[in-house]
Amino acid sequence: MTDATPERFERAHTASLRTLVQYAGSSGDFYEMHYDLPFAHERGHPELSVHGLLKAAWLGQLVDDWFAGRGRVTSFEVSYRGMDFRDQAVACGGEVTRREGSTVELSLWTRNGDGDITTTGAATIELDDPSGSNA
């Protein structure tokens, strides 16, 4: 990891109907909340919900992109705290919370357009070269 690697990082994703249907097909999660708008409305929701595991995948991708080629993820966990909806930006973020030798611990989250945290999480990375030289 180099000095140029940020301590805090963020990326936004927006799930379209196509994204939700594709994810349902690939994951096997066909709960109607993800693709049937009248069903979602009947349950009091304003829009189709983003799959929780899709948000976890976005966070995993964020972590992998940040440390790609410099280490490996040794632990990853998430906890769902709220819903995110179709066609609304979901900010996925992370921050280094601890460094010790080759171990880096991260705090992770997703945040909706209102600024509410909708997913929390953590990851641990074991760096191949803790000095960051990548030599």
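Every number in this text was worked out from the coordinates using simple rules, so none of it is lab data. Worth saying up front: this structure is predicted, and the values here are computed from it rather than measured. Ideal geometry is used to build each Cβ from the backbone, glycine not excepted, and the neighbour counts take in all protein chains shown.
Laid out as a table, the results:
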item	result
Label-point separation in nm, Arg18 to Asp87, each point 7 Å along Cα→Cβ	1.5 nm
Cα pair distances exceeding 17 angstrom across the range 52-105, given as percent	43 percent
Between helix 52-67 and the chain: long-axis angle, C-alpha atoms, 0 to 90°, nearest 10	20 degrees
Rg/Rg_ref, the chain, where Rg_ref = 2.2 N^0.38 Å and atoms are Cα	1.18
Crossing angle, helix 17-27 versus the chain [Cα axis fit, 0-90 degrees, rounded to tens]	70 degrees
Trypsin sites (Lys or Arg not before Pro), loop per DSSP, at most 14 other Cβ atoms within 10 Å - longest free stretch of the chain	82-135
Lys, Arg +1 and Asp, Glu -1 on Cβ, resulting dipole of the chain about Cα centre, debye, nearest 20	60 debye
Length added when fully stretched, Asp116-Phe39, from 0.36 nm per residue minus Cα-Cα	25.3 nm
